[in-house]
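Asker: My structure is below; once you've seen it, I'll send some questions.
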Amino acid sequence: MDKNIDVIENVYQTLKSINSHMEKKYPDKKWLTDPVVKYFELVHEGVAEGKPLLWYFFCLPPEIFRAMDVTTFSAEYACGVMASLGDISLKYFDLANVKIPDHVCTVNIFPVGLVSSGETLTPDLFLAGAQNPCDSAITAYSNLAYCDGIPSFFLDIPYIANDRAYKYVGKQFEAMVAFVEEQTGQRLDMDRLREVIRHSNKAQEYFLKLNDLRRNIPSPSSSRGLYIAGGAMMGLAGIPEFTEWIKNRYEAAKEMVEKGEGAIPEEKVRLVWIANGVDFDLGIFEWLENKFGAVTVASLLNAYPSEPLCDSEDESEIFKSLAHRIMNYPMGRHGRGSADFYIEECIRVAEDYKADAVIFAGNVGCKWNWAVAQLVKNSIQDALGIPTLAIQLDPWDPRFVSLDVIKEKFAQFFELML
Amino acid sequence: MAADLSKMADSILNPFVENWKKQGKPVLGFTCSYVPKEIIHAAGILPYRIRARGSGERTMGDVRMSQITCPFSRSILELALKGEYNFLDGLVSMNSCECMRRMCDNWVSEIGADFFHFLSVPYKSSAEAVEWFRHELDILRENLEKSFDVTVTDENLRDSVNTYNKTRKLLRKLYDLRKEKNPKISWSEIQRVVVMSSAMPIEEYNTQLESLIDEVESRNGINNYRARLMLIGTPLDNPSNSEAIEDLGGLVVTDLSCFGTISFWDPFDSDGDPLDIIAKGYLNDSRCPRMPGRGGERHNLIKEMAESFDIDGIVFERMMFCNIWGGETMSLEKDMKELNIPMLIIDSEYAPGSEGQIGTRVEAFLEMIEGRAK
Ligand code: SF4
Ligand code: SF4
């Protein structure tokens, strides 16, 4: 199928120019924009070369698709990146809302808007897993696939994460691979998969070690750096350049810890973010750092599982470990399972990272989060005696709640707290 | 006698449940049409589908679940926090939708439950999914046996399947009465009667239903209506909207809704391993859009019903903040347009008094249908 790559081309070129601007003006900060450029470069290249285009919901393992030589596109990661570039995503949200109610999570309706616009690349196939973590993802993907006749494969992800579930999902990966092979004519190269997995594991190792370094007071890593690393892990796991990038981030942070330096001159408040973020303006992080000395030391979105993927000769073990990975993805495991599990983790992370406050940056479309917001707040207060600021926002659409309003809520919160 | 059923649907507790409790027998609440009532029933426990009728103004439910989640779930929580569900001996929940399962999380955290079981119900109907579900059912069976000190034999399960199959067949018979040109029973009555199928002992329900069907035969038909309608959508345990539609001359003749046909339509097989039968019976049902990738099947069922019930239009009632049915809008609108079936979408806030607000839109919809007929 011919693809209109205009939008991807534009985003890619914009990111490239930001990247070279950084190189010239702020060479020591250029690393912040490297992952997104790489991501769009891969999409751009793949589509330009005419490789089949596979859209997948982010809670699926990109490692498999990388070993099938198809172009992968996670609309969720792309939505986050595009939202940070200004108004360019808004029309896609509006287009989607003609077909799907506006209370459904914006990041999930984004693909509906992209496809409806006809301006951008139409996927050759869709893959998603129900309900890992939410209904909105599956409802958007399945209805879009149905209406636009896009071949799709849905995995059934059980609520309970245990050995039986990992085997069950691992088996479904085998069926999913067969489906992708049939649809695209590409084959899964198991040797290549093992190689991708080794890169992914290495990246994960550095990623988790970097997370650990943030437990130090002061934290050696900036809030923005933390957020970008989390997104990049989702979009680029298994890509050698990303492994190198995250290794560099870890080494830089390690050096700072050894010197006793923090990411900002004076760390006054340590924040842990749960739920979502403010993707449409990551400048919120610097504003918090500069105005209040408030550094984000952890985000639940960065809480990647610690188990490495299996790269053995046994294919079924590999699929099972990929199942383990996706069922324990951040957001995936938090939204899919019981609230107890989610709340315990919020408390544990806040405690481990010595947080002074928790930020519940709640996406207005994320029902599983808001349905227990009160419980989360109260439980954190009871367990650790620290406050939680719950803000209703749309991480990708500033028209719902503007940055000014969000800042005002923070200002009021810190006034009470500090 | 049968008229009682309809009246009883307006409150959570009813004399049948009270009587059951008086005998010292347990009642378990369940949350979704995909929870297999048969297993609970086979353990000698009354499966009671929790609902929100009569919740009134919400305060506690909204504070806990915020105002941007499913109002039906919030209303259930409100009732539970007010103690209206204190007669339950526990809950069986499942991954129906985010809001409902989170409602249960709040319930368990605040009120507690002597017995709580979560079923991981697949979203697919493949052989592997059936096997997974069968295993889940076995775990539920064991948990019930252990917690309530009972034995659930295959024979018990088979009996339960047969009993519920009888209900399914009787309800189909009841619905068939709506196929007539001048049906003898109103839709709001049917809605209430169907709700009762999961709110009282099923054997007594079947008896009541049989006599209701006989009794209806002797009634006069309804003939002053303007259009035959089908209702589609989220949990509709509250017939107020249907009454508002009926008052305006809309004759609802059938539905594809959570408390309606989604909960009973196709009888299960009766031969073979009972857990297998139950697992397949539930998963084969694609009526609820919680089952992804089966929109085509679902819309074909709508088409078949539209033909057999001779409908003129569809009223699609969506619960506010329901992702599953909200997303379904996209494909449903497309397919109904292609089938040339007019459809009115109503967003339900599940709040007292909100049904009055649909009048103008229903009136305009009925006029549009009448205009098409000319
Ligand atoms: S923010 Fe919530 S609703 Fe949106 S994709 Fe994540 S889990 Fe789903
Ligand atoms: S709408 Fe579907 S998922 Fe929700 S309660 Fe009803 S049957 Fe279950």
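The values are calculated or read from the model by the stated rules, or taken from the named source; none is laboratory data. What you are looking at is a predicted structure, and each value in this text was computed from that prediction instead of being measured. Glycine gets a Cβ as well: all are built from the backbone with ideal geometry, and neighbour counts include every protein chain shown. The area values use the complete protein model at the heavy-atom level, side chains included, leaving out ligands, DNA and RNA. Shrake-Rupley method; radii C 1.70, N 1.55, O 1.52, S 1.80 Å.
Asker: Name the residue farthest towards the positive end of the dipole of region A:153-261 from the options A:Val196, A:Met256, A:Tyr227, assuming +1 on Cβ of Lys and Arg, -1 on Cβ of Asp and Glu, about the Cα centre.
Answerer: My answer, from the dipole projection, is A:Met256.
Asker: Give me the distance between the Cα centres of region B:41-91 and region B:181-197, rounded to whole Å.
Answerer: That distance is 24 Å.
Asker: Oh, and also: What percent do you get for the relative contact order of region A:270-418 when only Cα pairs under 8 Å and 6+ apart count? Present the calculation step by step, with values, prior to reporting the outcome.
Answerer: Values: 195 pairs, mean separation 43.1, N = 149.
Once divided by the residue count of region A:270-418, the mean separation gives 29 percent.
Asker: In addition: Suppose every K and R has +1 on its Cβ and every D and E has -1 on its Cβ; what is the size of the dipole of the protein assembly as shown about the Cα centre, in Debye to the nearest 20?
Answerer: Dipole size: approximately 840 debye.
Asker: Using the alpha carbon gyration tensor of region A:124-268, what are the three equivalent-ellipsoid semi-axes (square root of 5 times each eigenvalue), largest first, in whole Å?
Answerer: Semi-axes from the Cα gyration tensor: 37, 18, 15 Å.
Asker: Can you list, by residue number, the Cys in chain B that have no neighbouring cysteine C-beta under 4.7 Å?
Answerer: B:Cys32, B:Cys97, B:Cys104, B:Cys258, B:Cys288, B:Cys322
Asker: With a 1.4 Å probe and every protein chain left in place, work out the accessible area per residue of the protein assembly as shown in Å², rounded to a whole number.
Answerer: Averaged over the residues of the protein assembly as shown, the accessible area is 36 Å².
Asker: Can you give the calculated 222 nm mean residue ellipticity of the protein assembly as shown, where each DSSP H run of n ≥ 4 adds -39,500 (n - 2.57) and the sum is split over every residue, rounded to the nearest 500 deg cm²/dmol? Show your work: numbers first, answer last.
Answerer: Details: 33 runs with 423 residues, N = 792.
Helix-only estimate at 222 nm: -17000 deg cm²/dmol.
Asker: Next question. What is the spread of the Cα atoms of region A:159-223 along each of their three principal axes, largest first, in whole Å?
Answerer: Principal extents (largest minus smallest coordinate, Cα): 52, 29, 20 Å.
Asker: I've got another one for you. Pairs of alpha-carbon atoms within less than 8 angstrom and 6+ residues apart define the contacts here; what relative contact order does chain A have, in percent?
Answerer: 17
Asker: Counting only other chains, what is the mean number of Cβ atoms within 10 angstrom of the Cβ of each residue in peptide A:156-164?
Answerer: 5
Asker: Along the principal axes of its C-alpha atoms, what lengths does the protein assembly as shown span, in descending order and rounded to whole Å?
Answerer: Result, largest extent first: 89, 57, 55 Å.
Asker: Quick one: compute a quarter of the convex hull surface over the Cα atoms of region A:28-85 and quote it in nm².
Answerer: Convex hull of Cα atoms, orientation-averaged projection: 4.6 nm².
Asker: Using the Cα centre as the reference, give the magnitude of the dipole from point charges on the C-beta atoms of region B:235-361 (Lys, Arg: +1; Asp, Glu: -1; all else neutral), rounded to the nearest 20 debye.
Answerer: That gives a dipole near 480 debye.
Asker: Under the classification rounded if a/c is under 1.5, otherwise prolate if a/b is larger than b/c and oblate if not, where does region B:9-127 fall, given a ≥ b ≥ c as square roots of the Cα gyration tensor eigenvalues?
Answerer: Oblate, since a/c reaches 1.5 and b/c is not below a/b.
Asker: Of A:Ala350, A:Asn328, A:Pro308, which is farthest towards the positive pole of region A:291-374's charge dipole, taken about the Cα centre with +1 and -1 on the beta-carbons of Lys, Arg and Asp, Glu respectively?
Answerer: A:Ala350
Asker: Next up: Within straight cross-link reach of B:Lys334, meaning Cα distance under 27 Å, which lysines are found once same-chain residues fewer than 8 apart are removed?
Answerer: A:Lys3, A:Lys91, A:Lys99, A:Lys367, B:Lys124, B:Lys179, B:Lys303, B:Lys374
Asker: For chain B, with only Lys/Arg (+1) and Asp/Glu (-1) charged at the beta-carbon, what is the dipole magnitude about the Cα centre, in debye rounded to 20? Write out the running numbers ahead of the final one.
Answerer: Numbers: 44 positive and 59 negative charges, 108 e Å.
Its charge dipole is roughly 520 debye.
Asker: At 1.4 Å probe size, what's the solvent-accessible area of A:His199? Round to the nearest 10 Å².
Answerer: 60
Asker: OK, next. Let me know the shape class of region A:1-99, please: from the alpha-carbon gyration tensor, a ≥ b ≥ c as square roots of the eigenvalues, rounded when a/c is under 1.5, otherwise prolate if a/b is greater than b/c, or oblate.
Answerer: Oblate, since a/c reaches 1.5 and b/c is not below a/b.
Asker: So for chain B, averaging the separation of alpha carbon pairs under 8 Å that are six or more residues apart and normalising by length, what relative contact order in percent results?
Answerer: Contact order relative to length: 20 percent.
Asker: Which shape class, rounded, prolate or oblate, goes with chain A when its Cα gyration tensor gives a ≥ b ≥ c as root eigenvalues, a/c under 1.5 marks rounded, and past that a/b bigger than b/c marks prolate?
Answerer: Details: a/c = 1.39, a/b = 1.34, b/c = 1.03.
Verdict is rounded for chain A.
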